Amino acid sequence: MRNRTIEERINQEPADILGADAGAPEQLEIHEDVKKTLELFTEYENARNDWATKFQESIQFRQGAQWSREQTEILERRGQAAIVVNRIHPIVETAKALLTYNRPQFRSTGREDSDTRTSKIYSDVMAWIWERSNGNTELKQAIDDYYVGGMGILQVFQDAHIDMGRGEVLMKSLNPLDVYIDPNSRDTYGRDAANIIILKVLTDEQAKKMFPEYEGIWGNAESVMEADHYPGTNLAANEKQSFLGNTNSDHYHVKRKYYERYERIKVDFHHVFEPDTMREDLFSDDEFEEYMQETTMCVQYKDGTKNYVNDPEQVAQYMTYIEKSGSVYHMEQPEPQMNPETGEVQEMPPEMVPGEEDENSIPDSTIYLIPHTKAQFVELGYNLYNQIQQDRIKMIVSVGDKLMYTRVLPCEDYPIVLMQNIHNRNPYPESDVRLYRPLQEYVNKIRSLIIAHASTSTNVKLLIPRGSVDKKQIEEEWGRAGTSVIEFDAELGAPVVAGPVPLPNELYKNEADAKSDLEYGFGIYEMMQGAGQGAPSTYRGTVIIDEFGQRRIKSRRDDIEAALNQLCKVCVPLMQQMYTEEKIIRLVQPNNAMKEVTLNQSIYDEYTGNEIERVHDMTAGKYDVVVVAGSTLPANRWALLETYQELYKNGLIDQIEVLKKTDLVDIEGVINRSGEMAQLQNALQDAEEQIKTLQGDLQTANREDLHSKKRLEVEKFKGKMGRVSDRAEQAGELFKARIGDAQREMNNEVKSVKSEKEDGRS
């Protein structure tokens, strides 16, 4: 299908189609849609007048205007001040803080298995819409209206002009006093309302900026003089307060009433189901005409059997075959091939070969490729078709009695989501402030009485016998600082000081009880507001009380989350209608990391240049997006951190998960540095292991060196001993030689003596 313009995508019907354009003369007759808007507005306004006044009173009461004008005048005549001890404001602020502590987390699922891959992207886009819309701020305002007035309202809308004309889906909170709901509605979220009307009073300057293309229509519309359309109240505001509805008329700007009416209608659609692709779609008339012209393929075999192909990729492949070699193919069995990895001979799958069968063909394998259109497939009954009616929301925008434009939204439910506090089975719920207003007024009256009593007690009152003193003198002298001497006539009597009557202690107890009753009614206790009085002495006791204290607030969370789920339901079709072009969104993660996602990213064939796939295609599939239960509420930070630390000690999670649960600003930097430290620690451990190994090697080397030295010493000793032995042997030999010489000398001497004796005898 061709890409349509923004105006076409949002199904806009400009007013010139309906009888007037920006430069057209004034419409002579009121358009039927505008006439219906004005009639319904009068009916809805009359039905909600009383509730609107109570809503406005509750808003002003919460902001401190807690005495009526008549009550203030009576107190002034008594000399009392209209004291306001606003217990409601901090309670409401605490409740808002608890319910919006965290940004809601979104979870998306595909309704069909084929949509699973893309489903995750919808939760990211919903988070993007929430971020672009300042969702938490808008939700806080809606919750404020929910508590104070009884109803908060959120609206989803399309802005086709921002993001350089690509458009955005956004959300905002609405002032409930601007919204007029069908009084016959009974649904908590107003889904059964026949119409919902939004009224705004805009100046011409505001309108020119918002609707420059409709300046001609706007200028011809009926003007009004009132500053706003909000009801006035009888509550007395101080000189610094100004409330809507209590302001004077603005005569300096021309203003006109701007209406948005949302009407539930039935719209005819063309329902188509493709058995081979399991594709199921609803088409408008124009979309169905485009669909019917899309190319399909009939694959017919020689035996007459047929396969019908709707898949665009397969159709494109077959069309390439036809363009290259014609529409007739047959199958041939290739020669077996050897698997180079395993060395095994494997049979190859049959191949498509152009032309008629030959001697190498698989018998009766001829294939005929016959291009068709989707219209022919519908006529053949292969693609199933029927006409159905679906709920859609028609938007009628007008100014005064002039029509600007109409538009049919792609959603089944109103893009206006109600959060009703105490639902009365009508569009006029009760609020906590209205319910507990008497308690707050009681606190104010007691405090006013206490302060008045304290003021009068400091003013001394005298009972003076008539004529005993000069009254004027005593009034002047008694109030003066320093010592005063006042003479009186003792015969007539002495002045008597009249002491004040003390206030009973029960009065102070009643004020404390009223304060506790207010906290009990709202479910927001003193400790939840940060007060330390009466808190348990132990950490675990504090955690337990905090956990139990939040049970009441969790009931309100269910109301808020149900409304947010309804908001998500409306957002999905508006997303699919708006986000049709390639678009990059950037999300900030809880750890302050940046996540980048590309929508509708086209993948092209590098040879043909044709689009073969769209990654994260927002226009296809059906999805559900819901809010993760409890994701907006605060968890007890210390209890959660303690739990995660225990899990870390037991080895069930890593240190990074523990860091994510802390309040560190630069969590990403800490995690990165933690990773670097972990790497350094691993490197240090490796170095320590290497050192231990080297130390062992060194010890071994030392031992080996010692052994070597010992062996060397032994060898040296052996050598020395060898040399000593040699010298000893040499000395022995010398000694033997010397002994032999001496022996020979002695023998010679003995022989000589014998010879001399023998000669003497002779």
Looking at residue 318, is it in contact with a Lys or Arg (Cβ under 7 Å, 6 or more places away or on another chain), surrounded by 14 or more Cβ atoms within 10 Å (Cβ to Cβ), farther than 15 Å from residue 381 by Cα and of a type in the set (Phe, Trp, Tyr)? no
Sort out which residues of the range 138-173 are among the charged types (D, E, K, R), free of Cβ contacts under 8 Å to residues at least 24 places away in the same chain and over 10 Å from residue 578 (Cβ atoms), and write them in order of number. none
Based on what the data block shows, is residue 508 surrounded by 11 or more Cβ atoms within 10 Å (Cβ to Cβ) and modelled with pLDDT of 75 or more? yes
Taking the range 429-469 and keeping residues of a type in the set (D, E, K, R) and at pLDDT 80 or above leaves 430, 432, 434, 437, 441, 445, 447, 466
Just to verify a result, which residue in the range 579-616, among those that are on the phi > 0 side of the Ramachandran plot and at pLDDT below 70, is surrounded by the most Cβ atoms within 10 Å (Cβ to Cβ)? 592
Across the range 209-242, what is the number of residues that are closer than 23 Å to residue 155 by Cβ, at pLDDT below 80 and touching a Ser or Thr at 6+ places or on another chain (Cβ under 8 Å)? 1
Check whether at least one residue in the range 246-253 is modelled with pLDDT of 85 or more, of a type in the set (D, E, K, R) and out of contact with any Phe, Trp or Tyr (no Cβ under 6 Å at 6 or more places or on another chain), and report yes or no. no
For the range 269-331, which strands (runs of 3 or more DSSP E) that fit wholly inside it have 3 or more residues that are in contact (Cβ under 8 Å) with a residue 60 or more places away in the chain and of a type in the set (Val, Ile, Thr)? 295-301
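So which of 274, 280, 290, 263 ends up being among the acidic types (Asp, Glu) and modelled with pLDDT of 95 or more?
Criteria check complete, one pass: 263.
Can you report the number of residues in the range 355-409 which are part of a strand (DSSP E or B) and modelled with pLDDT of 90 or more?
Total meeting the criteria: 31.
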Within the range 63-73, work out how many residues are surrounded by fewer than 18 Cβ atoms within 10 Å (Cβ to Cβ) and in contact with a helix residue (DSSP H, G or I) (Cβ under 9 Å, 6 or more places away or on another chain). 2
Against the conditions (1) buried (at least 23 other Cβ atoms within 10 Å of the Cβ); (2) under 16 Å from residue 416 (Cβ atoms), where does residue 122 fall short? Just the number, please. (2)
Among the numbered criteria (1) surrounded by fewer than 18 Cβ atoms within 10 Å (Cβ to Cβ); (2) closer than 30 Å to residue 199 by Cα, which single criterion is violated by residue 76? (2)
Does residue 383 meet the test of being touching an Asp or Glu at 6+ places or on another chain (Cβ under 9 Å) and surrounded by fewer than 21 Cβ atoms within 10 Å (Cβ to Cβ)? no
Can you find a residue in the range 278-296 that is outside the structural domain of residue 604 (by TED's automatic domain parsing), more than 30 Å from residue 408 (Cα to Cα) and touching a strand residue (DSSP E or B) at 6+ places or on another chain (Cβ under 9 Å)? yes
Just to be sure before I move on: is residue 147 among the hydroxyl-bearing types (Ser, Thr, Tyr), at pLDDT below 95, surrounded by 19 or more Cβ atoms within 10 Å (Cβ to Cβ) and in the same structural domain as residue 101 (by TED's automatic domain parsing) in the structure I sent? yes
Mind checking which residues of the range 396-432 are of a type in the set (A, V, I, L, M) and buried (at least 19 other Cβ atoms within 10 Å of the Cβ)? 396, 397, 399, 403, 404, 409, 416, 417, 418, 419
Of the residues in the range 498-518 that are under 41 Å from the mean Cα position of the chain (by Cα) and either of a type outside the set (D, E, K, R) or in a loop (DSSP other than H, G, I, E, B) (or both), the one that is nearest to residue 464 (Cα to Cα) is 512
Kindly establish whether residue 399 is without any contact (Cβ under 8 Å) to a residue 12 or more places away in the chain, touching a strand residue (DSSP E or B) at 6+ places or on another chain (Cβ under 6 Å), among the β-branched types (Val, Ile, Thr) and outside the structural domain of residue 308 (by TED's automatic domain parsing). no
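The values are calculated or read from the model by the stated rules, or taken from the named source; none is laboratory data. All values reported here derive from a predicted model rather than from experimental measurement. Cβ: placed from backbone, ideal geometry, glycine included. Neighbour counts: every protein chain shown.
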